[in-house]
Amino acid sequence: QVQLVESGGDLVQPGGSLRLSCAASGIIFRIYHMAWYRQAPGKQRELVAHITAGGSTNYADSVRGRFTVSRDNAKNTVYLQMNSLKPEDTAVYYCNAAQNIWSHWGQGTQVTVSS
């Protein structure tokens, strides 16, 4: 079965950094477009960063210049490097894999930015 397992969430001070990972299994990872979403309490889930199967990237305006998405097809893993974190980045971060009609989600990892 398809599994997406996120890791790396933590409590961090404003201005700090975190690196999230999402390990995929059960899919042909290299053909999937991968994305990171986040959902803060009381808010809708929003797209944070996206990387295509070919490696093209796109970011939400709120994180552009601070976050970097990357993928390692040999390890079936997508990463989200988050720098200069702000309290408003606090959310549960979810990994998504999409290809044609298929879309798969991970269980999420909590990121809390607070002093």
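Could you tell me the relative contact order of segment 1-105? Use alpha-carbon pairs under 8 Å, at least six residues apart, and round to a whole percent.
RCO, segment 1-105: 33 percent.
Mind checking which of Tyr79, Tyr32, Tyr93 has the largest fluctuation in a GNM of the chain, springs on alpha carbons under 10 Å?
Tyr32
Taking the chain as a Gaussian network, where each spring joins two C-alpha atoms under 10 Å apart, which residue of Gly42, Gly26, Gly65 fluctuates the most?
Gly42
List the residues of segment 81-115 whose backbone N lies under 20 Å from a point placed 7 Å from the Cα of Gln39 along the Cα-to-Cβ direction.
Correct set: 88-99, 102-113.
Could you look at segment 23-98 and say what percent of its accessible area is carbon and sulfur, using a 1.4 Å probe and all protein chains?
Working: 1780 of 3720 Å².
Accessible surface attributable to carbon and sulfur in segment 23-98 totals 48 percent.
Take the chain, connect every pair of alpha-carbon atoms lying under 10 Å apart with a spring to form a Gaussian network, then pick out the residue of Asp61, Asp72, Asp89 with the largest mean-square fluctuation.
In this elastic network of the chain, the residue with the biggest mean-square fluctuation among Asp61, Asp72, Asp89 is Asp61.
At 7 Å along Cα-to-Cβ for each site, give me the label-to-label distance between Ser17 and Thr112 in nm.
2.4
Rank Leu11, Leu80 by accessible area, highest first, at a 1.4 Å probe radius? Don't skip to the end; give the middle numbers.
On the way: Leu11 115, Leu80 0 Å².
Highest to lowest solvent-accessible surface, that is Leu11, Leu80.
Using the alpha carbon gyration tensor of the chain, what are the three equivalent-ellipsoid semi-axes (square root of 5 times each eigenvalue), largest first, in whole Å? Before the final figure, lay out each step's value.
On the way: eigenvalues 107, 38, 33 Å².
Ellipsoid semi-axes (Å, largest first): 23, 14, 13.
For every other residue with a beta carbon closer than 10 angstrom to the beta carbon of Ala91, add +1 if it is Lys or Arg and -1 if Asp or Glu, then tell me the sum. If you can, show how the numbers build up before the last one.
Working: positive: Arg38, Lys43, Arg45; negative: Glu46, Glu88, Asp89.
Once positives and negatives cancel, what remains is 0.
For the chain, give the magnitude of the charge dipole about the Cα centre (Cβ charges: +1 Lys/Arg, -1 Asp/Glu; no others), in debye to the nearest 20.
Working: 10 positive and 7 negative charges, 30 e Å.
In debye, rounded to 20, the chain gives about 140.
Just how much of Ser103 is accessible, in Å², when a 1.4 Å probe is used and the result is rounded to the nearest 10?
70
Quote the accessible area belonging to Val5 in square angstrom, nearest 10, computed with a 1.4 Å probe and with ligands, DNA and RNA left uncounted.
70
So how do Glu46, Glu6 rank on accessible area, 1.4 Å probe, biggest first, that is with the largest at the start?
Details: Glu46 80, Glu6 10 Å².
Of Glu46, Glu6, the descending order of accessible area is Glu46, Glu6.
The values are calculated or read from the model by the stated rules, or taken from the named source; none is laboratory data. Quantities reported herein were computed from a predicted structural model and do not represent experimental measurements. In this analysis, Cβ positions are derived from the backbone assuming ideal geometry, glycine residues included, and neighbour counts consider all displayed protein chains. Heads up: the accessible areas ignore ligands, DNA and RNA and are worked out on the full protein's heavy atoms, side chains in. Shrake-Rupley method; radii C 1.70, N 1.55, O 1.52, S 1.80 Å.
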